[in-house]
Amino acid sequence: MAIDGVTLQILANHCAAATESMAHTLVRTAHSTFVKETEDFTTGLTTVAGKTFASPFDLGATWFIGLDYERALQLVESYEEGDVCMTNDPYSGFVCTHSPDLHLWHPIFHEGEIVCFAVGHVHNTDVGGAVPASLSRANVEVFQEGIRVPPSKLYRAGKLNQELVDVILMNVRMPEQNWGDLKAQIASMRTGARKVKEMIARFGIDVFRDGTEMLLDHAEKQARRLIRKIPNGEYFFADYIDEDSVDGYPCRIAVNMIVQDEEIVFDFSESDPQVTASLNIPTGGNPRHVLLMVPYQYVLYTMDPTIFLNYGLLRPVSSIIPEGSLVNPKYPAAVGMRSLGVMRLQSCLMGAFTQALPDLIPAGQGDGGPLINVRTTDTKTGRKLMANLNPITGGAGATTFRDGTEGSGAYFSFLKNTPVEINEAEVPVKILRYGLAQDSGGAGYWRGGTGTTLKFQTFSPNTTITARNRDRCLFTPWGANGGGAGKPSSFYLNPGSNREVNLGNTDVVSIDPGDVIEITSAGAGGAGNALARDPSRVLKDVQRQFVSVSAARDEYGIVIEGGEVDEGATLTLREQMGSETNGGGGGFGFNAERVEFESIWTESNYRVLIHALLKLPVDWRFFVKHRVFESVENLRLSGTEVGEEDIKTALRNVANDYPQISSELAFV
């Protein structure tokens, strides 16, 4: 039936409000800090086909507004009134993307027919597995990442499947926490059902049923209108995870963004193969999988904040994701730290969009700080405790018109911080410092947002710290339009003492009573020439302790004496420093480590390697990559300039050593 634009907008508002009511129910009844404070959850409504047509605006994680439940829905044979289904298996329907994310869906009936589904997920602090909090870069198979439940009925016709609940709770470290969060999810589903029935009573079933499909169609039209404003062309960008495994080699994600009129293709063909670590992104070959589309949705919203936030935005976009690659791994590859992989994927797509829309899209966001989990013992009661302390977020990238926001970059899905008082109440730790990291933001005419620092002390033996998503010690967030790169992240045990240990990208560490952990995220990239920044802005940054006096001199050419800018000395210093430029090309500012790496692993050298790896069986790709990197590292140490022929020689040597893959590499 025809629905006028005013009615459609009113329906959209009601649908969004329904999902917000679901979110409020969840937050107010959840047990874990990670849900009730950090808000790592989603709520939503989908069509009968599983396409999300409504999500909250500012509650929960922002990555999932285009989530597609269709493949998971199809794995349940039939539905009855009162059913609630669940899965946390990243390879069953590809709606769940790592095992801690427990997804529920609840069919909502009207006169015996399903009219939509209430859906949502929470990130459980722990679902068992090899390490506390279940996730580590060291995991190499999904079996190590905790209990997995394929799409199953948690409630069948209104009756709880207690046996399923018992099996789940027997396999997790904090069963009372998981059960509390699960009950909150169930309550959220029921809130969604009640709100949908209220909408049907208000609008009528025909308006509701047809209107939900029209919401998707309208979002698609909005997306196509906005894409037409992006200049046609191809925009290539690559970025790196520091390590593709524990103490491994850099891991590259690369995208060629192809814009043609009102459609976009993201070609990830030159990204690394799936890795023998948990960084893989489980998309199931879906070219519109929501994890591939997060930056695209951010860009559209930046262009027009009035757009409908639903699956329809994804229809004009597609991706090329080779099977067996980091962005489309084959079972049973570990995927627990797919969030780190997605962060770097976001950086790649933002780099491409920055080229297409340089006056709108910011420089690289700060990240590399982890989600900190503490598994410890209450020394008073002997009770085992576990909680997430905080997402250690980086700042936002600078734009061509403003500084980046401090301590709140987009790559962490805008998860919220947890008050210090809550942290200390949940687990026996003492927070020594939680705040912004001085000098972490990249220099520029507009400064990159500062990262954050968390320093805390523990008091029990056998305490385990899990620092998920540790990265950016080596390759830091990039600057734009001539701005500087953000500063690296860091992770220290007992800093400043004679027992100090630099933990680098370690993500699981056992510590003793009295030990201190200090962790800092990377700052975001700056934009524009730092030597042109207004001295009064630099002075204000120093006064606010965002920038130190020494960094003001070294990076901005500003001399501050006695709390004031020395104008004469500043003018002289800036003239001496000249128009200093950052590494990299195309207006990007890369840190020295990236510039050095790409002087060896040039785009053409990397292309030779990736094209050869894609010819190999999936199980061989990671191994061969490491063998080639070893050869190139030996050449670098000998002072040899590395070219395409050296990469081919290294590949031929591997083929000679392993005849079982010689035919696949015969073309080299």
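Residues in the range 31-48 that are among the aliphatic types (A, V, I, L, M) and open to solvent by less than 10 Å² (accessible area, probe 1.4 Å): V35, L45. Checked across the range 254-265, the condition of being under 22 Å from A410 (Cα atoms), outside any loop (DSSP other than H, G, I, E, B), touching a Phe, Trp or Tyr at 6+ places or on another chain (Cβ under 8 Å) and small (G, A, S) holds for at least one residue. Counting residues in the range 219-233 that are under 16 Å from the mean Cα position of the chain (by Cα) and part of a loop (DSSP other than H, G, I, E, B) gives zero.
Residues checked against (1) open to solvent by 10 Å² or more (accessible area, probe 1.4 Å); (2) among the acidic types (D, E); (3) farther than 26 Å from Y434 by Cα:
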| residue | (1), (2), (3) |
| --- | --- |
| P322 | yes, no, yes |
| N328 | yes, no, yes |
| L340 | no, no, no |
| M343 | no, no, no |
| P370 | no, no, no |
| D378 | yes, yes, no |
| L385 | yes, no, no |
| L389 | no, no, no |
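Total residues in the range 395-415 satisfying the condition of being surrounded by 24 or more Cβ atoms within 10 Å (Cβ to Cβ) and either without any contact (Cβ under 8 Å) to a residue 24 or more places away in the chain or touching a Pro at 6+ places or on another chain (Cβ under 7 Å) (or both): the figure is 5.
Taken residue by residue, the range 280-287 has no member that is modelled with pLDDT of 95 or more, within 29 Å of D58 (Cβ to Cβ), open to solvent by 10 Å² or more (accessible area, probe 1.4 Å) and not in a loop (DSSP other than H, G, I, E, B).
In this entry, G120 is excluded by the filter for residues that are open to solvent by 10 Å² or more (accessible area, probe 1.4 Å), among the small types (G, A, S) and at pLDDT 95 or above. Among the residues of the range 74-83, what is the count of those that are open to solvent by 10 Å² or more (accessible area, probe 1.4 Å) and either in contact (Cβ under 8 Å) with a residue 40 or more places away in the chain or farther than 18 Å from L154 by Cβ (or both)? Qualifying residue count for the region: 5. Here is the figure for the range 1-15: residues that are small (G, A, S), surrounded by fewer than 16 Cβ atoms within 10 Å (Cβ to Cβ) and part of a helix (DSSP H, G or I) total 1. Candidates in the range 573-603 are the residues that are in a helix (DSSP H, G or I) and modelled with pLDDT under 95; of these, the one that is least open to solvent (accessible area, probe 1.4 Å) is M577. Taken over the range 610-628, the criterion of being touching an Asp or Glu at 6+ places or on another chain (Cβ under 9 Å) and either of a type in the set (A, V, I, L, M, F, W, C) or part of a helix (DSSP H, G or I) (or both) is satisfied by I610, H611, A612, L613, L616, V618, W620, R621, F622, K625, H626, R627. Scanning the range 332-387 for residues that are part of a loop (DSSP other than H, G, I, E, B), modelled with pLDDT of 95 or more and under 19 Å from S136 (Cβ atoms) returns P332, A334, V335, G336, M337.
Total residues in the range 620-654 satisfying the condition of being charged (D, E, K, R) and under 32 Å from the mean Cα position of the chain (by Cα): the figure is 5. Right, W446: closer than 28 Å to L292 by Cα and aromatic (F, W, Y) or not? No, not satisfied.
Being open to solvent by 60 Å² or more (accessible area, probe 1.4 Å), closer than 20 Å to K384 by Cβ and either among the β-branched types (V, I, T) or in contact (Cβ under 8 Å) with a residue 40 or more places away in the chain (or both) is a property that does not hold for R156.
The values are calculated or read from the model by the stated rules, or taken from the named source; none is laboratory data. Quantities reported herein were computed from a predicted structural model and do not represent experimental measurements. Every residue, glycine as well, gets a Cβ built from its backbone with ideal geometry; the counts of neighbours run over all protein chains shown. When the accessible area is computed, the model is the full protein with side chains, heavy atoms only, and any ligands, DNA or RNA have been set aside. Shrake-Rupley method; radii C 1.70, N 1.55, O 1.52, S 1.80 Å.
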